[in-house]
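All remarks here apply to the structure that follows.
The values are calculated or read from the model by the stated rules, or taken from the named source; none is laboratory data. These figures come from a predicted structure and were not determined experimentally. Methodologically, a virtual Cβ is constructed for each residue, glycine included, from the backbone with ideal geometry; neighbour enumeration extends over all protein chains shown.
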Amino acid sequence: MKEKNGVKGSVIQHSELFEEAKKYLVGGVNSPVRSFRSVGGDPVFVKCARGSKVLAEDGRKLIDYCMSWGAMLLGHAHPEVLPALRKAVGNGTSYGMPTRLETELAKMIAEAIPSMEQVRLTSSGTEAVMGAIRVARAFTKKNKILKFEGCYHGHADHLLVKAGSGASTLGVPDSEGVPVDFSRNTLVAPYNDLVKTGALLQEHVGDVAAIIVEPVAGNMGVVVPDTDFLKGLRKLCDEQGALLIFDEVITGFRLTYGGAQNYFDVIPDLTCLGKIIGGGMPLGAFGGGRGIMKVLAPLGPAYQAGTLSGNPVAVTAGITTLKCLARSKPYERLASVTRTLCEGIRDAAQKEGVSVQINSLESMFTVFFTEWRVTDYQTASRQDFPAFRKFFHALLQDGVYFAPSAFETNFVSVAHTKKDLQSTLQAVRAAFKKTHDR
Ligand code: KE4
């Protein structure tokens, strides 16, 4: 990609594009967290992207750590994914009929994540979670779902209860437009709190279909599970006859090729996937053991469907992405690059006397402006949001794009280079100086 003066076509200010967008698109965006509402200013409009960089419409090249909210683990415009997509598009884009490609992707998922013996492909993570919860309710014939405060599982009505990500970012964790009845069956416990989770289950004994959890929370910023948290949830589910659902839309194929369940050796009954498995195309999936999944139509009475579910173009991107990951096994390098980056950020903060907590695991990390450890939504909510805003814009000024929300996660991709890290840490040092200058 060429920089400012080499940019093909005109250079245009984001403010101009944002004003135009707002004439036709609600809030100028198609997903609220992109709107820069929580950090202020105009969102970055992208002209194109490649590897770890995006080329913004104002002509600036930015090192990207949002990476389409974690979808682009291989980096943007990957040299194997794009040609595969071009070929797939040449064969047609959607048939609404079965293809061998869907079987191939489902087989790859099942081989990587053996608990997903049977898979259903969808077009988004939200749909995958909706499907998994419907299967859990149909299988157990129970109604209640227990989720955790600050976790985000997509925008289905019954899950917009104390939700993270954009819902928290915009201060609507309990969205308007969701009838109280819809969320009556949604129980909420604090993340990492097995005692309160157990007590809540006890209060509703016999009526909880499932516990759904982000095995590593990424939607209140990164919050890593306490040592026995996931094992404890598994035990509680077994004791209560509830299913354990891992929402691995972020962690699936990111923490390891087999996701968080492989990483922590805690096996859920149902798993939801998205982001990485679509390689940047709209694709989600949910799945579990044959005995549970058989309640799903067309085999069983739990209905779920989708016009573009498993379409050949998205599936091709997914297959190509997973093949690259299975072959290159980039996980050790991703973890090492992220560790180096986080150590550098920590050192820079210490040098400038700025209190930060950096939560990271493998290639996910969040910089919280707080002196307290961040272990759940309450502690994540104590951060110094104005300091984050200053930090975010100072980095952006120096060509580094972090996720534009204090309740989100930054992602390192295979495409991030040592030079990217050097430039990033240089920008971080300068940003802490600015943040420190009250
Ligand atoms: P989608 O419907 O956005 O594909 O997936 C919903 C979802 C489900 N589960 C988890 C753990 C997720 O993180 C998400 C979506 N993540 C957000 C950002 N953290 C997507 C960004 C956005 O909403 O624009």
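General remarks:
The rows are residues; the columns are (1) crowded, with 22+ Cβ neighbours inside 10 Å; (2) within 16 Å of the ligand (Cβ to nearest atom).
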residue	(1), (2)
Arg184	no, no
Leu187	no, no
Val208	yes, no
Pro225	yes, yes
Gly232	no, no
Ala260	yes, yes
Tyr263	no, yes
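- Residues located in the stretch 95-130, provided they are closer than 14 Å to Phe246 by Cβ, within 16 Å of the ligand (Cβ to nearest atom) and touching a Phe, Trp or Tyr at 6+ places or on another chain (Cβ under 6 Å): Ala128
- In the condition set (1) basic (Lys, Arg); (2) in a helix (DSSP H, G or I); (3) closer than 30 Å to Leu146 by Cβ, Arg120 is compliant with all but (2).
- Near pairs, Cβ below 6 angstrom, 6+ apart or cross-chain, from the stretch 73-99 (closer than 12 Å to Gly310 by Cβ) to any residue that is aliphatic (A, V, I, L, M) and modelled with pLDDT of 95 or more: Ser94/Leu308
- In the stretch 265-290, the residues that are more than 17 Å from Ala106 (Cβ to Cβ) and out of contact with any helix residue (DSSP H, G or I) (no Cβ under 7 Å at 6 or more places or on another chain): Asp265
- Condition met for Thr256 (polar (S, T, N, Q), away from the ligand (no atom under 16 Å from the Cβ) and within 18 Å of the chain's Cα centre (by Cα)): yes
- For Glu371: the one exception among (1) closer than 15 Å to Val354 by Cβ; (2) under 22 Å from the mean Cα position of the chain (by Cα); (3) of a type in the set (Asp, Glu): (2)
- Asp157, sole failed condition from (1) within 21 Å of Met293 (Cβ to Cβ); (2) within 16 Å of the ligand (Cβ to nearest atom); (3) surrounded by fewer than 20 Cβ atoms within 10 Å (Cβ to Cβ): (1)
- From the options Thr379, Thr375, Thr340, Thr370, residue that is free of Cβ contacts under 8 Å to residues at least 12 places away in the same chain and in the same structural domain as Leu55 (by TED's automatic domain parsing): Thr379
Yes/no matrix, rows are residues, columns are (1) of a type outside the set (Asp, Glu); (2) out of contact with any Phe, Trp or Tyr (no Cβ under 8 Å at 6 or more places or on another chain); (3) away from the ligand (no atom under 16 Å from the Cβ):
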| position | (1), (2), (3) |
| --- | --- |
| Gln357 | yes, no, yes |
| Thr370 | yes, yes, yes |
| Ala387 | yes, no, yes |
| Gln397 | yes, yes, yes |
| Phe407 | yes, yes, no |
| Asn410 | yes, no, no |
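- Single match in Lys275, Lys329, Lys294 (criterion: within 18 Å of the chain's Cα centre (by Cα) and charged (D, E, K, R)): Lys275
- Within the stretch 405-421, one or more residues are over 29 Å from Asn192 (Cβ atoms) and of a type in the set (Ser, Thr, Tyr).
- Some residue of the stretch 142-153 being of a type outside the set (Lys, Arg), on the phi > 0 side of the Ramachandran plot and more than 16 Å from the ligand (Cβ to nearest atom): no
- The set of residues in the stretch 119-138 being surrounded by fewer than 24 Cβ atoms within 10 Å (Cβ to Cβ) and either outside the structural domain of Thr307 (by TED's automatic domain parsing) or more than 19 Å from Met281 (Cβ to Cβ) (or both) consists of Met130, Arg134, Arg137, Ala138.
- Residue in the stretch 145-163 that is among the basic types (Lys, Arg), farther than 26 Å from Asn359 by Cβ and touching a residue at least 60 places away in the same chain (Cβ under 8 Å) present: no
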